[in-house]
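Written below as structure tokens is the structure these notes are about.
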Amino acid sequence: MTGRVVSVNVSDVKGVPKHEVEAIHLVEGHGVQGDAHAGAWHRQVSLLAEESIDRMRALGLNGLARGAFGENINTFGLDLCALPVGTRLRAGETVLEITQIGKECHNGGCAIRQATGKCVMPTDGVFAVVIMGGILRAGDEIEILRER
């Protein structure tokens with residue numbers, strides 16, 4: 001099963017939406033170079049499916065930009081949140097391993113949750129570590145290498 005990368009996003013500050021960029025450099029064992037969430041921990045990279053964002057847009061949030069939920073990578077065509085922890089993904093020239101599905105919003109909820117009462121990150125946000133680094137861009141293919 002394959003999908004594609006829709007956008008790549010970064011922020012040098014935690015707790016704010018990320019902004020879309022042309023490419024990101026994923027560093028093995030560290031995460032996205034220059035991103036506030038990079039480091040030696042289990043949530044180096046965050047992924048969110050465009051299909052999940054579309055559910056929020058259907059609630060009337062039509063202006064949601066990519067990166068609005070703090071995600072590094074937006075995808076299309078893969079049911080990310082249904083993949084088990086330990087699944088490896090090839091994204092462009094990189095390899096990621098899923099370490100966590102979902103996370104609670106900070107401080108009573110992100111701005112989106114406060115505005116709508118809902119947020120997709122607690123159920124649909126996917127976190128990973130970088131197994132093999134490289135450059136990732138919108139349009140790159142993303143595929144499941146193995147499921148655990």
Let's see if you can work this out: charge +1 on each Lys and Arg Cβ, -1 on each Asp and Glu Cβ, no other charges. What is the dipole magnitude of the stretch 19-108 about its Cα centre, in debye to the nearest 20?
200
J(HN,Hα) series, the stretch 25-37, from Karplus relation 6.51 cos²θ - 1.76 cosθ + 1.60, nearest Hz, glycine and proline x
9, 8, 10, 3, x, 9, x, 7, 4, x, 8, 4, 8
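Rolling a 1.4 angstrom probe over the protein heavy atoms, how many square angstrom per residue are accessible across the chain? Mind showing how you got there, number by number?
On the way: 6930 Å² over 148 residues.
Solvent-accessible surface per residue comes out at 47 Å².
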Counting other C-beta atoms within 10 Å, and keeping those with at most 14, which DSSP coil chymotrypsin sites (Phe, Trp or Tyr not before Pro) do you find in the stretch 9-106?
TRP41
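Per-residue ellipticity at 222 nm for the chain, helices alone: DSSP H runs ≥ 4 residues times -39500 (n - 2.57), over residue total, nearest 500 deg cm²/dmol? The partial results should precede the final answer.
Details: 3 runs with 18 residues, N = 148.
Estimated from H runs of four or more residues: -2500 deg cm²/dmol.
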Put +1 on the Cβ of every Lys and Arg and -1 on every Asp and Glu Cβ in the chain; which of ASN74, GLY92, GLY133 then has its Cα farthest towards the positive end of the dipole?
ASN74
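For the chain, give the percent of accessible area contributed by carbon and sulfur heavy atoms, probe 1.4 Å, rounded to a whole number.
50
The values are calculated or read from the model by the stated rules, or taken from the named source; none is laboratory data. The structure displayed is predicted, hence computed values, not measured ones. Neighbour counts run over all protein chains shown; Cβ positions are idealised from the backbone, glycine included. Side chains included, ligands, DNA and RNA excluded: accessible areas come from the protein's heavy atoms. Shrake-Rupley method; radii C 1.70, N 1.55, O 1.52, S 1.80 Å.
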